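Following: one structure in structure tokens, then a few remarks.
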Amino acid sequence: MNIFHFAYNFLASGLSLIVLPAIWCHEKRDPERRAALAQRLGYNLQHLEPAIPGRPRIWIHAVSVGEVKAAEAIVSALDIPSAKASILLTTTTMTGQRYACRQFDGRATVRYAPVDLWGATRRFLCTHRPDLLVCMETEIWPNWIAQAHRAGIKTVFINGRISDRSIRPYMKIRWLMKPILEKVDAFSMISEADARRIISLGAPAHRVQINGNAKMDAPDLNRDDAVIQDLKRLYAVDENTPVFIAGSIRGAEADMLMAVYERLATQIPSLVFILAPRHINKSSRIAEIARANGIEWQYRTGLGKPGAGRSAPMVILDTIGELRDVYSIASVVFCGASLVPLGGQNVLEAAVWAKPVLFGPSMEDFEEARALLETFGGGIGVRDEMELADRALYLLKHPAEARRLGRLAKRAVLSNRGAALRHARVVSDLLPTMGSTK
């Protein structure tokens with residue numbers, strides 16, 4: 001442990017002595033949160049699948065729902081029979097944990113990831129004994145990487161993404177990052193820009209590859225007509241119903257989109273307006289704003305119950321992991337966190353359904369995806385909520401043009417398929433006892 005890593009642990013341990021007792025007192029009333037915190041500290045590991053001699057264990061860390069979906073695509077591409085390897089999947093968020101438990105039921109052991117403290121990480125590694133640590137996107141945790149390296153556990157970043165905005169705080173502690181990144185065995189990055197940034201942070205250039213975005217290969221990107229028809233019945237829409245969906249909205253965008261709704265609804269009386277917050281706990285705030293504006297609305301969880309079909313023009317999505325499928329019934333999509341300076345969201349999630357995608361000026365975290373859509377002509381940038389309303393109104397009134405742009409958006413996604421298999425090969429090559437993927 002060098003002086004910088006020692007200083008990191010000294011500060012982290014000191015902070016944990018102050019913060020963790022307060023968190024424990026806050027969480028102890030909720031059994032689910034209490035169990036999650038215990039797991040994050042390296043305890044409460046009952047019902048653990050025992051390690052089987054000769055059967056490698058792959059630890060895949062995926063922060064939340066989006067990363068879990070990308071991990072699912074890569075696991076499917078690995079083509080490793082369950083008899084030859086076992087998968088341990090960890091998440092950080094509770095929404096990611098619930099989604100992973102559903103999607104990986106019977107295929108993986110799902111746990112919360114340990115906090116990056118020396119003791120918690122050591123307990124986790126000693127209990128699970130993985131052979132390979134796979135970090136989805138770019139989760140740089142010094143103790144995970146350093147202790148895995150000491151234990152002879154190889155480490156790889158898969159579907160690596162590091163934006164111009166997110167690299168800035170890392171560069172301030174490059175003295176810590178560089179020796180840690182030198183312990184990573186491979187970096188399988190999404191784009192050339194991501195590769196360039198991780199190298200500037202200290203990653204050895206000869207270990208960096210560019211393999212595209214695995215989210216384009218996620219299993220739910222394959223069109224399922226039965227799912228689409230079920231959603232149309234649930235939301236009481238058909239092919240001719242104008243549907244505007246604003247996905248992953250954050251902060252002040254909730255207020256902005258109420259103004260967009262009022263502009264659109266006055267000219268399109270049959271409009272169905274669906275709002276999906278980035279964080280589910282913000283659903284009630286959006287409902288309050290709608291109520292304050294005199295807008296009739298319903299929660300998604302209220303649909304589908306006996307005698308409770310959709311009757312309101314606005315629906316607030318208060319469920320987890322459903323947004324990608326809901327995009328399938330849209331006429332026009334807006335991707336949030338982009339009218340406010342929060343870096344944007346993944347515009348490709350809607351593009352795969354052949355939908356025209358609108359987004360604001362703040363797309364720093366998804367710059368390559370934005371550029372890809374704009375190159376093909378399937379994505380349109382807007383400066384503010386007024387321009388968003390203008391563009392959306394035009395496309396809703398000209399459905400043939402909306403469908404044309406949607407086809408271009410899907411063509412952009414299809415031009416980059418196959419990334420999951422390329423990332424999977426990187427993982428497979430780091431498992432000495434495994435055969436290569438197909």
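Just to be sure I understand, how many residues within segment 368-385 are out of contact with any Gly (no Cβ under 9 Å at 6 or more places or on another chain) and not in a helix (DSSP H, G or I)?
3
Name the residues in segment 175-186 that are in contact with a Gly (Cβ under 7 Å, 6 or more places away or on another chain) and open to solvent by less than 10 Å² (accessible area, probe 1.4 Å), would you?
177, 181
Starting from residues that are more than 20 Å from residue 242 (Cβ to Cβ) and outside any strand (DSSP E or B), keep the ones in segment 254-278 and report whichever is farthest from the chain's Cα centre (by Cα). Working first, answer last.
Pass one, segment 254-278, residues more than 20 Å from residue 242 (Cβ to Cβ): 254-255, 277-278.
Okay, now just the ones that are also outside any strand (DSSP E or B), so 254-255, 278.
Numbers: 254: 21, 255: 24, 278: 10 Å.
This residue is 255.
Whether any residue in segment 270-278 is surrounded by fewer than 14 Cβ atoms within 10 Å (Cβ to Cβ) and at pLDDT 95 or above is what I want to check. Talk me through it step by step, then tell me what you get.
Here is the first cut: in segment 270-278, the residues surrounded by fewer than 14 Cβ atoms within 10 Å (Cβ to Cβ) are 270.
Checking the rest, the ones that are also at pLDDT 95 or above come to 270.
Yes, segment 270-278 contains a residue that is surrounded by fewer than 14 Cβ atoms within 10 Å (Cβ to Cβ) and at pLDDT 95 or above.
Scan segment 223-250 for residues that are surrounded by 16 or more Cβ atoms within 10 Å (Cβ to Cβ) and either in contact with a Gly (Cβ under 8 Å, 6 or more places away or on another chain) or over 28 Å from residue 414 (Cβ atoms) (or both) and report the count.
6
Do we find a residue being of a type in the set (A, V, I, L, M, F, W, C) and in a helix (DSSP H, G or I) anywhere in segment 293-316? Explain how you work it out, then say what you get.
Narrowing segment 293-316 to residues of a type in the set (A, V, I, L, M, F, W, C): 295, 297, 303, 308, 312, 314-316.
Those still in the list that are in a helix (DSSP H, G or I) too: none.
No: segment 293-316 contains no residue that is of a type in the set (A, V, I, L, M, F, W, C) and in a helix (DSSP H, G or I).
Looking only at residues in segment 279-288 that are within 19 Å of the chain's Cα centre (by Cα) and open to solvent by 80 Å² or more (accessible area, probe 1.4 Å), which one is farthest from residue 253 (Cα to Cα)? Before the answer, list the steps.
Within segment 279-288, the subset within 19 Å of the chain's Cα centre (by Cα) is 279-283.
Those still in the list that are open to solvent by 80 Å² or more (accessible area, probe 1.4 Å) too: 279, 281-282.
Values: 279: 13, 281: 15, 282: 12 Å.
Residue satisfying both the conditions and the ranking: 281.
Taking segment 69-118 as the search range and keeping residues that are polar (S, T, N, Q) and not in a helix (DSSP H, G or I), which one is most open to solvent (accessible area, probe 1.4 Å)? Spell out how you get there, then give the answer.
In the first step, residues of segment 69-118 are kept if they are polar (S, T, N, Q); the result is 76, 82, 86, 90-93, 95, 97, 103, 109.
Retained after the next criterion (residues that are not in a helix (DSSP H, G or I)): 82, 86, 90-93, 109.
Values: 82: 88, 86: 9, 90: 0, 91: 0, 92: 47, 93: 44, 109: 15 Å².
By that ranking, first place goes to 82.
Out of the residues in segment 138-155 meeting the condition of being more than 12 Å from residue 114 (Cβ to Cβ) and of a type in the set (S, T, N, Q), tell me which one is most open to solvent (accessible area, probe 1.4 Å).
Here the answer is 138.
Which count do you get for residues in segment 139-155 that are under 16 Å from residue 202 (Cβ atoms) and in contact with a helix residue (DSSP H, G or I) (Cβ under 7 Å, 6 or more places away or on another chain)?
The total comes to 5.
Taking the options 358, 388, 342, name whichever one is open to solvent by less than 10 Å² (accessible area, probe 1.4 Å) and outside any helix (DSSP H, G or I).
358
Residue 426 versus (1) surrounded by 16 or more Cβ atoms within 10 Å (Cβ to Cβ); (2) farther than 28 Å from residue 209 by Cα: which is the lone unmet condition?
Failed condition: (2).
In this structure, does residue 162 turn out to be in contact with a helix residue (DSSP H, G or I) (Cβ under 6 Å, 6 or more places away or on another chain), modelled with pLDDT of 95 or more and within 26 Å of residue 214 (Cα to Cα)?
Working: in contact with a helix residue (DSSP H, G or I) (Cβ under 6 Å, 6 or more places away or on another chain): yes; modelled with pLDDT of 95 or more: no; within 26 Å of residue 214 (Cα to Cα): yes.
No: the conditions fail for residue 162.
Do the conditions hold for residue 334, that is, is it under 25 Å from the mean Cα position of the chain (by Cα), at pLDDT below 95, hydrophobic (A, V, I, L, M, F, W, C) and surrounded by 16 or more Cβ atoms within 10 Å (Cβ to Cβ)? Let's see the steps before the verdict.
Details: under 25 Å from the mean Cα position of the chain (by Cα): yes; at pLDDT below 95: no; hydrophobic (A, V, I, L, M, F, W, C): yes; surrounded by 16 or more Cβ atoms within 10 Å (Cβ to Cβ): yes.
Here the answer is no, as residue 334 does not meet what is asked.
Take segment 156-174 and flag every residue that is more than 21 Å from residue 75 (Cβ to Cβ) and either of a type in the set (Gly, Ala, Ser) or open to solvent by 20 Å² or more (accessible area, probe 1.4 Å) (or both).
Here is the first cut: in segment 156-174, the residues more than 21 Å from residue 75 (Cβ to Cβ) are 162-174.
Hits for segment 156-174 are 163, 164, 165, 166, 168, 169, 170, 171, 172, 173, 174.
Search segment 187-200 for residues being farther than 11 Å from residue 210 by Cα and in contact (Cβ under 8 Å) with a residue 24 or more places away in the chain, and hand back the single one that is surrounded by the fewest Cβ atoms within 10 Å (Cβ to Cβ). Please lay out each step first, then the result.
Keep residues of segment 187-200 that are farther than 11 Å from residue 210 by Cα, which gives 197-200.
Still in the running and in contact (Cβ under 8 Å) with a residue 24 or more places away in the chain: 197-198, 200.
Numbers: 197: 22, 198: 27, 200: 13.
By that ranking, first place goes to 200.
Tell me, yes or no, whether segment 280-291 has at least one residue that is part of a loop (DSSP other than H, G, I, E, B) and touching a strand residue (DSSP E or B) at 6+ places or on another chain (Cβ under 9 Å). I'd like the intermediate steps shown before the answer.
The first filter runs over segment 280-291 and keeps only residues part of a loop (DSSP other than H, G, I, E, B), leaving none.
The answer is no, given that none of the residues of segment 280-291 is part of a loop (DSSP other than H, G, I, E, B) and touching a strand residue (DSSP E or B) at 6+ places or on another chain (Cβ under 9 Å).
Restricted to segment 258-269, and to residues that are touching a helix residue (DSSP H, G or I) at 6+ places or on another chain (Cβ under 7 Å) and surrounded by 16 or more Cβ atoms within 10 Å (Cβ to Cβ), which residue is farthest from residue 331 (Cα to Cα)?
So in segment 258-269, the residues touching a helix residue (DSSP H, G or I) at 6+ places or on another chain (Cβ under 7 Å) come out as 258-260, 263-264, 267-268.
Cutting the leftovers down to surrounded by 16 or more Cβ atoms within 10 Å (Cβ to Cβ) gives us 258, 260, 263-264, 268.
Working: 258: 18, 260: 15, 263: 17, 264: 13, 268: 13 Å.
Here the residue is 258.
Restricting to segment 19-30, and then to whatever is assigned to a helix (DSSP H, G or I) and over 16 Å from residue 120 (Cβ atoms), can you tell me which residue is modelled with the lowest pLDDT? Working first, answer last.
First pass over segment 19-30, keeping only residues assigned to a helix (DSSP H, G or I): 19-27.
Remaining after also requiring over 16 Å from residue 120 (Cβ atoms): 22, 25-26.
Working: 22: 74, 25: 76, 26: 69.
Here the residue is 26.
State yes or no: is residue 378 touching a residue at least 40 places away in the same chain (Cβ under 8 Å), within 21 Å of residue 249 (Cβ to Cβ) and open to solvent by less than 20 Å² (accessible area, probe 1.4 Å)?
Working: touching a residue at least 40 places away in the same chain (Cβ under 8 Å): no; within 21 Å of residue 249 (Cβ to Cβ): yes; open to solvent by less than 20 Å² (accessible area, probe 1.4 Å): yes.
It is false that residue 378 is touching a residue at least 40 places away in the same chain (Cβ under 8 Å), within 21 Å of residue 249 (Cβ to Cβ) and open to solvent by less than 20 Å² (accessible area, probe 1.4 Å).
Within segment 217-224, is even one residue assigned to a loop (DSSP other than H, G, I, E, B), hydrophobic (A, V, I, L, M, F, W, C) and out of contact with any helix residue (DSSP H, G or I) (no Cβ under 7 Å at 6 or more places or on another chain)? Working first, answer last.
First, the residues of segment 217-224 that are assigned to a loop (DSSP other than H, G, I, E, B): 218, 222-224.
From what is left, the residues that are hydrophobic (A, V, I, L, M, F, W, C) are 218.
With out of contact with any helix residue (DSSP H, G or I) (no Cβ under 7 Å at 6 or more places or on another chain) added as a condition, the list becomes none.
There is no residue in segment 217-224 that is assigned to a loop (DSSP other than H, G, I, E, B), hydrophobic (A, V, I, L, M, F, W, C) and out of contact with any helix residue (DSSP H, G or I) (no Cβ under 7 Å at 6 or more places or on another chain).
Yes or no, residue by residue, for (1) under 28 Å from residue 19 (Cα atoms); (2) assigned to a strand (DSSP E or B):
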site: 120; (1), (2): yes, no
site: 135; (1), (2): yes, yes
site: 145; (1), (2): yes, no
site: 157; (1), (2): no, yes
site: 166; (1), (2): yes, no
site: 177; (1), (2): yes, no
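The values are calculated or read from the model by the stated rules, or taken from the named source; none is laboratory data. Note that the structure is predicted; figures quoted are calculated from it, not measured. Methodologically, a virtual Cβ is constructed for each residue, glycine included, from the backbone with ideal geometry; neighbour enumeration extends over all protein chains shown. Accessible surface areas use protein heavy atoms only, side chains included; no ligands, DNA or RNA. Shrake-Rupley method; radii C 1.70, N 1.55, O 1.52, S 1.80 Å.
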